[in-house]
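Trainee: Before we start, here is the structure in question, set down as structure tokens.
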Amino acid sequence: MPKAPTYRVASNPVRPETDHKQGLSVLFAGESQTRPEHRVGPKIVDYYLLHHVISGRGTFVAGDAAMALRAGHSFLIHPGQLVSYVSDSEEPWRYRWVAFSGERAAALVEEAGLDPESPTVDSGSDRRPGERCKKIYEAFRSRRRSSSLEATGHLYLLLAELQEARREERPAKLRPDSHAEELVRQAASYLSTQYAEPITIESMAEALGYNRAYLSRLFRRHTGLTPIAFLTRTRVDHGRRLLRERPELTIEQIASSVGFVDALYFSKQFRRYYGQSPSEYRASVNA
């Protein structure tokens, strides 16, 4: 016998236009145990509306595609997309939903892999997506000052979990050398973001889970530079930018800000790459 229908929803206590300035605004969240053959639409909405099925079954229709969904599936309605969805006659679905919008929403949805042509993802037995939706609903129900920020955090994690589920659904077809290229990209990103910290190639290799010598050889083969040379050049380039943009900082302060312990070594490397000392460069751009 089908369960008794329920419907609960809670809205963001922060004004949408205030939260929207942050780039991502969670509008409302809710949960419903639907009636048999409960139908929504065809209709459009002007925000993103993500549903996650907790139990039961139903059908989601977007354009000409009809998708039979069950517990563990999520489906995303895009702004302006004509959709309809209906619960099963014998096992009507129970789902949770989250509505969101904002300048960053489209990019985050794309990163999660939920494009209009493929708006569903199967998380299987993973309970986290459903729990994330519940956490957002509970945050709005609490009406705390931090409710909106808390909900946004849970939405980021929800999209990350769906992205992982998407990857497991459709593992990428890698080219023979794509693993090496991805590893080099990760190493370059590590060095580019942590250049100001006292990092070493050993610590980077450990963080990425690879042998130092192997990673160094791979990095040089793909970039033409050793990791040390790449790090040094990155630090010097950022130091050059600070010399232009922060005239109130001393050479020693700039060297320290970009990861050089010794200002004299920074000056030596700067002259090596740019043919003049940091002081001479600063004088030339401020002339």
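Trainee: Restricting to region 107-131, name every residue that is more than 12 Å from LEU76 (Cα to Cα) and either out of contact with any Asp or Glu (no Cβ under 9 Å at 6 or more places or on another chain) or open to solvent by less than 10 Å² (accessible area, probe 1.4 Å) (or both).
Mentor: ALA107, LEU108, GLU111, SER125, ARG127, PRO129, GLY130, GLU131
Trainee: Which members of region 50-69 meet the condition of being surrounded by fewer than 21 Cβ atoms within 10 Å (Cβ to Cβ) and closer than 22 Å to LEU27 by Cα?
Mentor: Passing the criteria: only ILE54.
Trainee: Could you check region 70-104 and list, in sequence order, the residues that are surrounded by fewer than 20 Cβ atoms within 10 Å (Cβ to Cβ), more than 17 Å from ALA4 (Cα to Cα) and β-branched (Val, Ile, Thr)?
Mentor: None; the set is empty.
Trainee: What are the pairs with Cβ atoms under 9 angstrom where one residue, in region 137-162, is on the phi > 0 side of the Ramachandran plot and the other, located anywhere, is small (Gly, Ala, Ser) and open to solvent by less than 20 Å² (accessible area, probe 1.4 Å)? Sequence gap at least six, or different chains.
Mentor: ARG143/ALA10
Trainee: Name the residue, out of ALA229, ALA255, that is more than 31 Å from the chain's Cα centre (by Cα) and open to solvent by less than 30 Å² (accessible area, probe 1.4 Å).
Mentor: ALA255
Trainee: So, in region 200-245, exactly how many residues are over 16 Å from GLU182 (Cα atoms), part of a helix (DSSP H, G or I) and in contact with a Ser or Thr (Cβ under 7 Å, 6 or more places away or on another chain)?
Mentor: Count: 4.
Trainee: Has region 131-144 got any residue that is modelled with pLDDT under 90 and out of contact with any His (no Cβ under 9 Å at 6 or more places or on another chain)?
Mentor: Looking for residues that are modelled with pLDDT under 90 and out of contact with any His (no Cβ under 9 Å at 6 or more places or on another chain), one finds at least one in region 131-144, hence yes.
Trainee: Can you report the number of residues in region 86-123 which are over 20 Å from the mean Cα position of the chain (by Cα), more than 15 Å from TYR48 (Cβ to Cβ) and part of a strand (DSSP E or B)?
Mentor: 5
Trainee: Taking VAL45 and the conditions (1) outside any strand (DSSP E or B); (2) touching a Gly at 6+ places or on another chain (Cβ under 6 Å); (3) of a type in the set (A, V, I, L, M, F, W, C), which numbered condition does it fall short on, given that it satisfies the others?
Mentor: Result: VAL45 passes all but (2).
Trainee: Which condition does LEU191 not pass, out of (1) free of Cβ contacts under 8 Å to residues at least 40 places away in the same chain; (2) part of a helix (DSSP H, G or I), if it passes all the others?
Mentor: (1)
Trainee: So, in region 1-39, of the ones that are aliphatic (A, V, I, L, M) and loosely packed, with under 15 Cβ neighbours inside 10 Å, which residue ends up modelled with the highest pLDDT?
Mentor: The qualifying residue modelled with the highest pLDDT is VAL9.
Trainee: Can you confirm whether SER267 is under 20 Å from GLU197 (Cα atoms), outside any loop (DSSP other than H, G, I, E, B) and open to solvent by less than 60 Å² (accessible area, probe 1.4 Å)?
Mentor: yes
The values are calculated or read from the model by the stated rules, or taken from the named source; none is laboratory data. Remember, predicted model here, so these are calculated numbers, not experimental data. Backbone-built Cβ (ideal geometry, glycine too); neighbour counts: all protein chains shown. Please note that ligands, DNA and RNA were not included when accessible areas were found on the heavy atoms of the full protein model with its side chains. Shrake-Rupley method; radii C 1.70, N 1.55, O 1.52, S 1.80 Å.
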